[in-house]
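Q: Please read through the structure below; I'll follow up with questions.
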Amino acid sequence: MFIPAYLAAHMFLDWISFIHAVSPINITPWNPPAGLMMGMSVLLGIRAVPLIWLALMAADLIVRDLPVALWTPLVANGVAAVGYGGAGGLLRRAIDPGLSRLRDIVLLLGGSAAAVLGIGLCFIALHTAAGLFEWRNFPEVLLRYWTGEVIGIAVLTPMVLIGRHMPALRRSWRGAAEALVWGALIGFTLWLDFGPLASSQYEHFYLLFLPAIGIAVRHGLGGAVLASVATQIGLIAAIQATGVDTARMAHFQLLMLTLAVTILPLGAVVSERRRAEDRLRMRQSDLAHASRLIEAGEMAAALAHELNQPLAAAMGYARAARKVARIEGASPRLTEILDKTVTQAERADRVIRSLRDFVRKGASDRTPLPVPTLIADCLTLAGPLASRHAVEIATEIDPALPPIDGNAVQLQQAILNLVRNAAEAMGDGATGAAPVQPTSDRRRIVLFAGAAPQPGFVAIGVRDSGPGLAEVVERNLFAPFVTTKPTGMGLGLSIVRTIVEGHGGSLTARSGTDGGTVFQFTIPVHTTDKDGEPA
Ligand code: ADP
């Protein structure tokens with residue numbers, strides 16, 4: 001089913017584009033079958049060769065009326081099929097067929113352009129040798145062939161490759177209305193270019209860039225692909241309606257090629273950026289979730305600490321009361337109530353302990369983490385925070401650091417807490433110390449990582465140029481619920497300490513050499529695991 005469908009699609013595209021071929025050479029202003037062939041080659045690799053050859057032969061015999069002996073198309077189409085299949089085979093190793101990144105589009109267009117040049121050299125040489133063209137026309141014919149094929153590829157191959165993931169035309173009234181508006185805009189710009197207002201064809205071609213760029217910016221790569229297909233079809237229709245100026249055909253080809261190679265990378269950049277934003281949003285919400293859990297754990301830990309004494313005392317008294325009741329022969333009802341009191345007090349103790357363990361358990365979910373990756377992730381996540389407080393975050397990372405053994409989300413959380421504190425210390429002075437003058441050179445936070453003095457550990461820290469620690473904080477360093485901020489909970493630093501100690505490291509704070517504060521913690525380096533497997 002697939003083979004006849006492919007052959008039919010190829011012949012249909014050949015037939016609709018076989019209008020006003022330039023001289024006897026079957027070279028059309030755009031060659032959409034080339035887009036289909038390259039698409040198939042990228043999807044199937046070298047396996048596409050027989051199929052492509054069959055389609056080219058069928059098109060030559062059925063759609064076109066070749067004025068040469070059969071051996072010429074047999075050989076020339078063989079060369080073209082092998083060229084396409086080979087190029088597609090190489091490209092599919094280098095790119096993601098979903099064209100998810102800008103480099104995929106650039107490689108596809110660049111690789112195809114180079115491949116078509118090679119194929120064209122052989123293809124046109126064979127036809128020239130067969131007497132179809134004169135050798136003196138070789139460069140011109142080659143250029144026409146190359147441009148037509150590359151336009152076909154630029155317009156259609158991305159459609160073949162990402163057709164399944166096409167975003168636009170969502171089944172909604174708004175989507176349909178938007179598609180209509182864009183279609184009307186393309187039609188209007190074509191009318192300006194070809195209608196009575198234009199003194200010659202393509203005079204106002206630049207106007208066609210406007211809707212195409214608009215669609216690419218709004219809908220990313222999928223939109224760009226649809227826009228270039230729609231523009232190309234509109235152009236062919238307009239040329240048909242107004243009559244072809246053969247002398248200017250090369251000009252038209254180059255304009256269309258320019259449009260396609262402008263908007264496709266633009267669309268790819270827009271799509272790539274959207275995906276990056278989505279990823280960042282997801283990670284920020286993961287982090288916020290983790291942060292809430294850790295805060296809950298820390299709160300529980302603090303409560304456990306505070307409630308431990310009274311709870312233990314209450315439990316002791318209840319047990320003693322039960323004993324006394326038994327010895328003194330109190331009523332069974334009273335003994336039963338005292339039993340229940342002891343059971344409930346023990347249960348409360350267990351609940352609080354298990355909440356506290358929650359944070360520590362997270363730290364046991366560890367993987368080898370490259371420090372530069374951890375810091376880069378933190379920088380991305382701290383972006384909104386830095387701009388909110390108008391601070392700049394610089395990094396100082398020793399490039400030779402080995403990977404550390406850690407839980408990425410928890411360590412990100414720890415570093416972000418320190419960065420947030422530093423930014424707030426420099427920003428609004430809510431630290432109990434004198435606020436810092438917000439001059440630009442003082443609003444700098446340094447996120448650093450290097451070898452720790454203790455062997456087998458890496459030191460990671462945050463240095464700021466804020467006012468330093470308030471006395472009350474210094475006296476109760478890292479204790480929960482100590483804060484100088486009006487809306488602070490005083491849990492940030494104690495969370496950092498819990499996370500760091502859960503990893504087997506330690507957290508310290510000191511004054512910076514030229515003012516400000518330095519918070520630094522250590523994390524063990526990743527070593528061979530328990531089975532002796534290398535890291
Ligand atoms: P919170 O931020 O909710 O107050 P933290 O435990 O994170 O809780 O911080 C406790 C206190 O430590 C803060 O209120 C602040 O006074 C002080 N502090 C933390 N980091 C810094 C810093 N980089 N510079 C000055 N003071 C700081």
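The values are calculated or read from the model by the stated rules, or taken from the named source; none is laboratory data. Here the structure is a predicted model, which is why all the values come from computation and not from measurement. Counting neighbours? That spans all protein chains shown, and the Cβs are built from the backbone with ideal geometry, glycine included.
Q: Test residue 281 against the stated conditions and say whether it is within 25 Å of residue 416 (Cβ to Cβ), modelled with pLDDT of 85 or more and surrounded by fewer than 16 Cβ atoms within 10 Å (Cβ to Cβ).
A: yes
Q: Restricting the search to region 304-326, which residues are in contact (Cβ under 8 Å) with a residue 24 or more places away in the chain and either hydroxyl-bearing (Ser, Thr, Tyr) or farther than 15 Å from residue 353 by Cα (or both)?
A: 314, 315, 318
Q: For region 386-428, which positions are charged (D, E, K, R) and either over 23 Å from residue 473 (Cα atoms) or within 25 Å of the chain's Cα centre (by Cα) (or both)?
A: 388, 392, 396, 398, 405
Rundown of residues vs (1) surrounded by fewer than 21 Cβ atoms within 10 Å (Cβ to Cβ); (2) assigned to a helix (DSSP H, G or I); (3) among the hydroxyl-bearing types (Ser, Thr, Tyr), yes/no style:
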{"site": "203", "(1), (2), (3)": "yes, no, no"}
{"site": "207", "(1), (2), (3)": "yes, yes, no"}
{"site": "226", "(1), (2), (3)": "no, yes, no"}
{"site": "241", "(1), (2), (3)": "yes, yes, no"}
{"site": "250", "(1), (2), (3)": "yes, yes, no"}
{"site": "273", "(1), (2), (3)": "yes, yes, no"}
{"site": "276", "(1), (2), (3)": "yes, yes, no"}
{"site": "291", "(1), (2), (3)": "yes, yes, yes"}
{"site": "295", "(1), (2), (3)": "yes, yes, no"}
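Q: Quick one: is residue 447 touching a strand residue (DSSP E or B) at 6+ places or on another chain (Cβ under 9 Å) and within 11 Å of the ligand (Cβ to nearest atom)?
A: It is false that residue 447 is touching a strand residue (DSSP E or B) at 6+ places or on another chain (Cβ under 9 Å) and within 11 Å of the ligand (Cβ to nearest atom).
Q: Residue 321 is checked against (1) farther than 30 Å from residue 296 by Cα; (2) exposed (fewer than 15 other Cβ atoms within 10 Å of the Cβ); (3) not polar (S, T, N, Q) and fails just one. What number does that condition carry?
A: Every condition holds for residue 321 apart from (2).
Q: Kindly indicate whether any position in region 483-497 is near the ligand (Cβ under 10 Å from one of its atoms), surrounded by fewer than 14 Cβ atoms within 10 Å (Cβ to Cβ) and in a loop (DSSP other than H, G, I, E, B).
A: There is at least one residue in region 483-497 that is near the ligand (Cβ under 10 Å from one of its atoms), surrounded by fewer than 14 Cβ atoms within 10 Å (Cβ to Cβ) and in a loop (DSSP other than H, G, I, E, B).
Q: Continuing with this model, one more query. Quick check: is even one residue across region 508-523 at positive phi, within 16 Å of the ligand (Cβ to nearest atom) and in contact with a strand residue (DSSP E or B) (Cβ under 6 Å, 6 or more places away or on another chain)?
A: Checked against the condition, which is being at positive phi, within 16 Å of the ligand (Cβ to nearest atom) and in contact with a strand residue (DSSP E or B) (Cβ under 6 Å, 6 or more places away or on another chain), region 508-523 yields no hits at all.
Q: Collect the residues in region 380-427 that are among the charged types (D, E, K, R) and free of Cβ contacts under 8 Å to residues at least 40 places away in the same chain, keeping them in residue-number order.
A: Answer for region 380-427, where residues must be among the charged types (D, E, K, R) and free of Cβ contacts under 8 Å to residues at least 40 places away in the same chain: just 388.
Q: Something else now. Within region 1-41, restricting attention to residues that are of a type in the set (Gly, Ala, Ser) and modelled with pLDDT of 85 or more, which residue is nearest to residue 90 (Cα to Cα)?
A: At the first step, the residues of region 1-41 found to be of a type in the set (Gly, Ala, Ser) are 5, 8-9, 17, 21, 23, 34-35, 39, 41.
Going one step further and asking which of them are modelled with pLDDT of 85 or more, we end up with 5, 8-9, 34-35, 39, 41.
Details: 5: 25, 8: 26, 9: 24, 34: 17, 35: 16, 39: 13, 41: 9 Å.
Going through the qualifying residues, I end up with 41.
Q: Now for a different question. Quickly run through region 80-123 and pick out the residues that are β-branched (Val, Ile, Thr), part of a helix (DSSP H, G or I) and buried (at least 19 other Cβ atoms within 10 Å of the Cβ).
A: 105, 116, 119 - these are the residues of region 80-123 that are β-branched (Val, Ile, Thr), part of a helix (DSSP H, G or I) and buried (at least 19 other Cβ atoms within 10 Å of the Cβ).
Q: For the condition within 9 Å of the ligand (Cβ to nearest atom), over 18 Å from residue 385 (Cβ atoms) and among the hydrophobic types (A, V, I, L, M, F, W, C), what is the one hit in 462, 458, 472?
A: Sole residue among the options that is within 9 Å of the ligand (Cβ to nearest atom), over 18 Å from residue 385 (Cβ atoms) and among the hydrophobic types (A, V, I, L, M, F, W, C): 472.
Q: I'd like to know if region 141-151 contains one or more residues that are surrounded by 15 or more Cβ atoms within 10 Å (Cβ to Cβ) and either farther than 22 Å from residue 257 by Cα or within 29 Å of the chain's Cα centre (by Cα) (or both).
A: yes
Q: So, in region 500-529, of the ones that are of a type in the set (Asp, Glu) and either at pLDDT 90 or above or part of a loop (DSSP other than H, G, I, E, B) (or both), which residue ends up nearest to residue 412 (Cα to Cα)?
A: Applying the filter and picking the extreme gives 529.
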